[in-house]
Every structure is written in structure tokens, then in C-alpha cells.
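The values are calculated or read from the model by the stated rules, or taken from the named source; none is laboratory data. Keep in mind that this is a model prediction, so the values were computed, not measured. For neighbour counting, all protein chains shown are included, and Cβ atoms are generated from backbone atoms with ideal geometry for every residue, glycine included. These area figures cover heavy atoms from the full protein model, side chains too; ligands, DNA and RNA do not enter into them. Shrake-Rupley method; radii C 1.70, N 1.55, O 1.52, S 1.80 Å.
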Amino acid sequence: MTSSASRLEPRRTADGSFSLFSSEFGEAFHSGLGALAEAHSKCVAPAGLDRWAAGSTLRVLDVCVGTCCNTAALLEACQARGLELSWWGLELDPEPLRLALADPGFSSQWQAGTTEQLAELCSSERMLWGDARSRLSELLSGQRGQLDLVLMDAFSPSRCPQLWTLEFLSGLGALLQPQGRLLTYCSAAAIRNALLQAGLHLASIAAPSGLQKQSSDWSGGTAASPSPLDGDPLLRPLSLMEQEHLRTNAAEPYRDPSGCADRAEILKQRQLAQARAMASGTVEGTGAWRRRWGVGNSRHQ
Ligand SMILES: C[S@@+](CC[C@H](N)C(=O)[O-])C[C@H]1O[C@@H](n2cnc3c(N)ncnc32)[C@H](O)[C@@H]1O
């Protein structure tokens with residue numbers, strides 16, 4: 001086992017905010033353009049906080065807490081609106097938060113008192129350490145149909161498919177109250193298809209132009225809810241291009257019926273399922289879809 005110092009490398013993103021690179025997963029925690037900007041555009045803004053009156057309490061789950069950047073941004077936005085947070089977190093590794101809290105730059109990106117609140121949340125019994133798959137069942141037994149927001153920020157599906165399976169995403173969806181929202185940066189067809197199969201309605205999170213790294217970043221992510229997501233200016237219906245994406249072999253969901261399969265097994269089973277679907281002629285190859293719409297490759301799709 002390598003030390004956390006070599007597994008997790010502190011980074012400063014273009015907006016000056018603190019982030020990490022994980023050599024274990026081979027991926028950065030946030031877009032290089034801004035950890036804080038991403039938390040605002042992909043969690044806080046599409047949460048639709050104006051839907052709650054001052055004095056209300058929001059029930060929120062942060063999936064893959066990491067440095068706690070998403071929770072911190074939401075916490076400050078809620079405080080500015082007089083909203084309370086009732087919070088749960090899922091995370092495997094305490095090191096990202098420890099590294100963030102030890103970094104003076106991380107503390108300075110928040111208002112006075114925010115990092116103390118993060119430390120308090122993450123030392124409470126609501127911070128469910130361990131494999132998120134095994135801890136989710138505890139949440140489901142007490143919070144099914146109760147949560148207002150689920151912030152889903154796992155590493156990308158190809159790096160961490162364990163947390164993007166039909167089974168895991170269905171469990172997250174089952175936590176939502178009827179008007180609740182699951183929000184994620186991810187716009188991959190496999191993830192959107194799994195959320196649809198879980199019975200949720202989908203919308204595309206508007207892509208903030210500053211965060212668009214390439215033309216293939218057509219969407220800022222995905223919002224999913226038990227109810228239709230109409231009337232929010234930051235959420236738009238899936239375009240024809242996005243709908244057709246869901247009919248390609250890229251939309252084959254990741255599966256993990258046992259709840260404990262490893263990455264290699266999940267990727268292998270999905271590849272086999274994709275090959276079967278292509279052979280049966282029921283789906284279009286993603287290459288043809290990309291050529292038709294002039295779309296390049298992106299890690300989130
Ligand atoms: C992209 S980072 C999360 C970034 C975080 N939201 C932030 O703002 O810093 C992904 C996180 O998933 C965690 N993780 C990876 N596999 C996990 C698992 N099976 N269960 C729970 N957490 C996991 C990693 O430790 C890492 O902190």
C-alpha cells in the first residue's frame with residue numbers, strides 16, 4: 001500500500017481553489033478549471049435552493065465527500081438563504097478531508113466557521129465511512145424517500161464503475177423525496193440510462209461556458225428526480241443528440257448485482273453486454289452517433 005502522500009497529490013485549480021489528484025484512481029478530484037466553480041455550477045445552482053423558504057431544513061447526502069468542497073459550497077449557500085442542512089456523507093477514505101483541512105489555502109476559500117462545521121459534520125455518526133455500496137443500505141433503512149438532494153461525485157465511470165452501477169444508482173434514487181434531486185457532473189449515457197431505469201426523470205445541467213473544456217462537453221452534468229424537472233432555468237430537457245446517445249451501446253449500464261464486484265469485473269461484464277446488444281442489432285454503435293453529431297471523446301461521456 002502506498003502512502004497517502006503519494007496516492008493523493010494536492011493541486012490548485014485555475015480558480016485558486018484546493019483540489020487533489022489521485023494516482024490510485026488516475027484522476028483529479030475536480031476539473032482543472034475550478035473545484036469551487038464546479039461545486040457551484042454542478043451542485044449549488046442546480047439544487048434550486050429557492051424552492052425552500054428561509055427556516056426550512058434540507059436533507060442532503062454527499063456521495064464521495066472527498067475534500068468536502070461540495071458540502072462546504074452548499075452549506076454556505078444555504079446559510080446565505082437562512083436554510084438548515086441535515087447532512088449525511090459517504091466516503092471511503094478520510095485522507096482527502098484531512099489534507100484539505102490541513103491546507104491554509106483550503107481554509108481561506110471559505111467563510112469564517114465553515115471548515116469547523118465541515119470537521120464537525122465529518123466526525124459525526126452521519127459521516128458513513130467505508131465502501132459507499134455497503135453503507136448505502138443503512139441510509140435506505142432510515143431515509144428512503146426522504147432526501148431533498150443527493151450530490152453524486154464519484155470518480156468517472158470508467159475509473160470507479162462500482163459507484164455508477166444500476167444497483168447503486170437505483171439505491172441513491174430511492175432515497176429521494178418526490179421533488180428531490182440527484183445531481184452529478186456526469187453526462188455519460190450509461191449513467192443516464194441507469195437513472196432512467198431506476199424510474200427517475202432526467203434533465204441536463206446547463207454547461208457553464210467557463211467550465212467547457214472541449215466541444216464534447218455539451219452538458220454540465222445530469223439532474224435526476226422522481227418528478228419531472230420542469231421550470232428550472234439551469235436544467236433543460238435532454239436534446240435530441242442526448243436522447244439518441246441513450247440508444248447507443250454507450251448506454252449499456254454498469255451492473256453489480258452482488259454489491260461487491262470489483263472494477264475489472266464490472267467493466268468486463270458491461271463489455272460483454274455491449275457486444276451482445278450490438279450483435280442483436282438493437283443498439284447503434286457510439287462511433288456512428290459521434291460522427292453524426294460531430295462529438296469528440298470526453299471522460300464524462
Ligand atoms: C472525485 S473524488 C470526490 C471529490 C469530492 N466531492 C470533493 O469535493 O473533494 C471521489 C472520491 O470517491 C472516494 N471513493 C472511491 N471509491 C469509493 C467507494 N467505493 N466508496 C466511497 N467512496 C469512494 C475517493 O476516496 C474520493 O474521495
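Quick notes on this structure:
- Residue under evaluation L74, criteria (1) crowded, with 18+ Cβ neighbours inside 10 Å; (2) near the ligand (Cβ under 9 Å from one of its atoms), criterion not met: (2)
- Residue check for F155: within 13 Å of the ligand (Cβ to nearest atom), open to solvent by less than 20 Å² (accessible area, probe 1.4 Å), of a type in the set (F, W, Y) and over 22 Å from L235 (Cβ atoms): no
- In the range 77-98, the residues that are open to solvent by 10 Å² or more (accessible area, probe 1.4 Å) and near the ligand (Cβ under 10 Å from one of its atoms): E91, L92, D93, P94, E95, L97
- The set of residues in the range 209-229 that are open to solvent by 10 Å² or more (accessible area, probe 1.4 Å) and either part of a strand (DSSP E or B) or modelled with pLDDT of 95 or more (or both) comprises P226, S227, P228, L229.
- D232 passes every criterion in (1) at pLDDT 95 or above; (2) touching a Pro at 6+ places or on another chain (Cβ under 8 Å) apart from (1).
- For A224, the requirement of being of a type in the set (A, V, I, L, M) and under 22 Å from D131 (Cα atoms) is not met.
- Only one of the listed residues (S56, S23, S31, S6) is over 19 Å from Q109 (Cα atoms), within 13 Å of the ligand (Cβ to nearest atom) and either at pLDDT below 95 or surrounded by fewer than 20 Cβ atoms within 10 Å (Cβ to Cβ) (or both). That residue is S23.
Okay, residues lined up against (1) assigned to a loop (DSSP other than H, G, I, E, B); (2) of a type outside the set (D, E, K, R):
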| position | (1), (2) |
| --- | --- |
| L149 | no, yes |
| A154 | yes, yes |
| R159 | yes, no |
| Q177 | no, yes |
| G180 | no, yes |
| I191 | no, yes |
| L195 | no, yes |
| S204 | no, yes |
| A207 | yes, yes |
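- Criterion: within 12 Å of the ligand (Cβ to nearest atom), open to solvent by 10 Å² or more (accessible area, probe 1.4 Å) and touching a residue at least 60 places away in the same chain (Cβ under 8 Å) - qualifying residue of Q146, Q179, Q162: Q162
- Contact annotation: residue pairs with Cβ atoms under 6 Å, 6 or more positions apart or on different chains, pairing a residue in the range 126-137 that is closer than 14 Å to L61 by Cβ with a partner that is near the ligand (Cβ under 8 Å from one of its atoms) and not in a helix (DSSP H, G or I), are L128/L90; A132/L90; R135/L90.
- Considering residues of the range 256-286 that are over 12 Å from L163 (Cα atoms) and in a loop (DSSP other than H, G, I, E, B) only, the residue least open to solvent (accessible area, probe 1.4 Å): G285
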